[in-house]
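**Student:** Sharing a structure here in structure tokens format.
The values are calculated or read from the model by the stated rules, or taken from the named source; none is laboratory data. Remember, it's a predicted structure, so these values are computed and weren't measured experimentally. Cβ coordinates were reconstructed from backbone atoms using ideal geometry, including for glycine residues, and neighbour counts include every protein chain displayed. The accessibility values were calculated without ligands, DNA or RNA, using every heavy atom of the protein model including side chains. Shrake-Rupley method; radii C 1.70, N 1.55, O 1.52, S 1.80 Å.
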Amino acid sequence: MLNDSHCHFFSSHFFSTLARQRGRGDTVEALCMELQWDDPGSPNVLADRWVQELDTHGVARSALIASVPGDEASVAAAVSRHPQRFVGFFMVDPTADQAVERVTHAVTTLGLRVACLFPAMHHVALTDPRVHRVVEAVAAQHGTAVFVHCGVLSVGVRKKLGLPSPFDLSLGDPLSITRLALTFPRLPFIVPHFGAGMLRETMMAGDACPNIHVDTSSSNSWIRYAPGWTMTGVFKTAMSVLGASRMLFGTDSSFYPRGWQRAVYVSQKAAATEAGISETDQALIFGGNFERLFPVRS
Ligand SMILES: [Zn+2]
């Protein structure tokens, strides 16, 4: 069974938020035209397109990430239309007014499962009490996990649109998850892209905290930051420190018409195999762990 733990739901609301940030009065249609991407239409239309795409590639289920704060309702619509196929993730800015209320609403009323933190984007340290309160709300409301983007952060669509991205990468240190992870030991934390360049720190944090997981998503082009890194070596390292049960396959697919990024799957499957990871362990990484963390809700 193949499950993708990292896909973005680029909804109309997502694009209208970017248009507003750019301040030129663009419509969603005009913005998509400029990007040469498909206009997503309503959340239901986009959700159906995702299902079709997963079917085409033999992917059973996927995460869908609401990729700007305030877009929870779009992903919630997709999840409630296809509850067997999608698990809702949502970006939250802990510095925003009513962040805790938003998280509570998303996890309870909307049925989303994972709050996503981008400390470098939102200029907030993971040790900040506002982050603690958001994580506490996820735990208290029985949300499933917290996703924490660490390491290098570059948002392709922002670059393409010429939107400023004054990210403070120093705030994305995986070691600063450890206090939270140890405070909420039953709550899984997911670090995407093996820490996006901070592999060593991610492994250190994961060694100290049994609830820290990684996702394997994207092309992981951060491997060029250190001499001699290969994806095979990265898989070997993560296997030896975290073990297969704390690695979640993902692609980081987002826009259409590109759709689901099969090439990422093919290259990661090859790297995992070359790393000597057994079929049983690969079954966990590429699907089983997702099932365990995010069982289909009846
Ligand atoms: Zn992503």
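**Student:** Could you please find all residues in segment 85-98 being buried (at least 21 other Cβ atoms within 10 Å of the Cβ) and either aliphatic (A, V, I, L, M) or over 15 Å from His8 (Cα atoms) (or both)? Let's see the steps before the verdict.
**Tutor:** Start the filter on segment 85-98 by keeping residues that are buried (at least 21 other Cβ atoms within 10 Å of the Cβ), which leaves 86-92, 94.
If the condition is that a residue be buried (at least 21 other Cβ atoms within 10 Å of the Cβ) and either aliphatic (A, V, I, L, M) or over 15 Å from His8 (Cα atoms) (or both), then Val87, Met91, Val92, Pro94 are the ones that fit.
**Student:** At least 2 residues that are farther than 18 Å from Ala145 by Cα in each: list the helices (runs of 4 or more DSSP H) lying fully within segment 23-124 that qualify. Give the derivation first.
**Tutor:** Numbers: elements: 28-35, 43-57, 72-81, 99-107, 119-122.
Because the criterion is at least 2 residues that are farther than 18 Å from Ala145 by Cα, the helices (runs of 4 or more DSSP H) in segment 23-124 that meet it are 28-35, 43-57, 72-81, 119-122.
**Student:** Same structure, new question: Within segment 192-298, which helices (runs of 4 or more DSSP H) (wholly inside it) include 3 or more residues that are crowded, with 16+ Cβ neighbours inside 10 Å, among the hydrophobic types (A, V, I, L, M, F, W, C) and away from the ligand (no atom under 16 Å from the Cβ)? Lay out the reasoning, then the answer.
**Tutor:** On the way: elements: 199-208, 231-241, 262-274, 279-283, 289-293.
Hits in segment 192-298: 199-208, 231-241.
**Student:** Restricting the search to segment 60-71, which residues are surrounded by fewer than 24 Cβ atoms within 10 Å (Cβ to Cβ) and not small (Gly, Ala, Ser)?
**Tutor:** Matches in segment 60-71: Arg61, Val68, Pro69, Asp71.
**Student:** How many residues are part of a loop (DSSP other than H, G, I, E, B) and either crowded, with 17+ Cβ neighbours inside 10 Å or within 16 Å of the ligand (Cβ to nearest atom) (or both) if we restrict to segment 1-22? First the steps, then the outcome.
**Tutor:** Start the filter on segment 1-22 by keeping residues that are part of a loop (DSSP other than H, G, I, E, B), which leaves 1-2, 5-6, 10-11.
Okay, now just the ones that are also either crowded, with 17+ Cβ neighbours inside 10 Å or within 16 Å of the ligand (Cβ to nearest atom) (or both), so 2, 5-6, 10-11.
So the answer is 5.
**Student:** Run down Val79, Val103, Val114 and say which single residue is of a type outside the set (Gly, Ala, Ser) and within 16 Å of the ligand (Cβ to nearest atom).
**Tutor:** Working: Val79 fails: within 16 Å of the ligand (Cβ to nearest atom); Val103 fails: within 16 Å of the ligand (Cβ to nearest atom).
Unique residue meeting the criteria: Val114.
**Student:** Also, I was wondering about something else. Could you list, in sequence order, the residues of segment 179-191 that are open to solvent by 30 Å² or more (accessible area, probe 1.4 Å), assigned to a helix (DSSP H, G or I) and without any contact (Cβ under 8 Å) to a residue 40 or more places away in the chain?
**Tutor:** The one that is open to solvent by 30 Å² or more (accessible area, probe 1.4 Å), assigned to a helix (DSSP H, G or I) and without any contact (Cβ under 8 Å) to a residue 40 or more places away in the chain: Leu182.
**Student:** Additional query: Output yes when any residue across segment 153-163 is open to solvent by less than 70 Å² (accessible area, probe 1.4 Å), out of contact with any Ser or Thr (no Cβ under 8 Å at 6 or more places or on another chain), more than 27 Å from Tyr256 (Cβ to Cβ) and not aromatic (Phe, Trp, Tyr), and no when none is.
**Tutor:** Among the residues of segment 153-163, not one is open to solvent by less than 70 Å² (accessible area, probe 1.4 Å), out of contact with any Ser or Thr (no Cβ under 8 Å at 6 or more places or on another chain), more than 27 Å from Tyr256 (Cβ to Cβ) and not aromatic (Phe, Trp, Tyr), which makes the answer no.
**Student:** Checking Glu136 against (1) open to solvent by 40 Å² or more (accessible area, probe 1.4 Å); (2) modelled with pLDDT of 95 or more; (3) part of a loop (DSSP other than H, G, I, E, B); (4) more than 26 Å from Phe235 (Cα to Cα), which single condition isn't satisfied?
**Tutor:** The single condition Glu136 does not satisfy is (3).
**Student:** Output the residue which, of all residues in segment 23-45 that are free of Cβ contacts under 8 Å to residues at least 60 places away in the same chain and aliphatic (A, V, I, L, M), is most open to solvent (accessible area, probe 1.4 Å).
**Tutor:** Within segment 23-45, the first condition is being free of Cβ contacts under 8 Å to residues at least 60 places away in the same chain, and the residues that meet it are 23-30, 32-33, 36, 39, 41-45.
From the residues that got through so far, the ones that are aliphatic (A, V, I, L, M) too are 28, 30, 33, 45.
Working: Val28: 29, Ala30: 40, Met33: 138, Val45: 85 Å².
Looking at residues that are free of Cβ contacts under 8 Å to residues at least 60 places away in the same chain and aliphatic (A, V, I, L, M), I get Met33.
**Student:** Open to solvent by less than 50 Å² (accessible area, probe 1.4 Å), within 28 Å of Gly287 (Cα to Cα) and either within 16 Å of the chain's Cα centre (by Cα) or of a type in the set (Ser, Thr, Tyr) (or both): is that true of Gly111 in this structure?
**Tutor:** Details: open to solvent by less than 50 Å² (accessible area, probe 1.4 Å): yes; within 28 Å of Gly287 (Cα to Cα): yes; either within 16 Å of the chain's Cα centre (by Cα) or of a type in the set (Ser, Thr, Tyr) (or both): no.
Answer is no for this residue.
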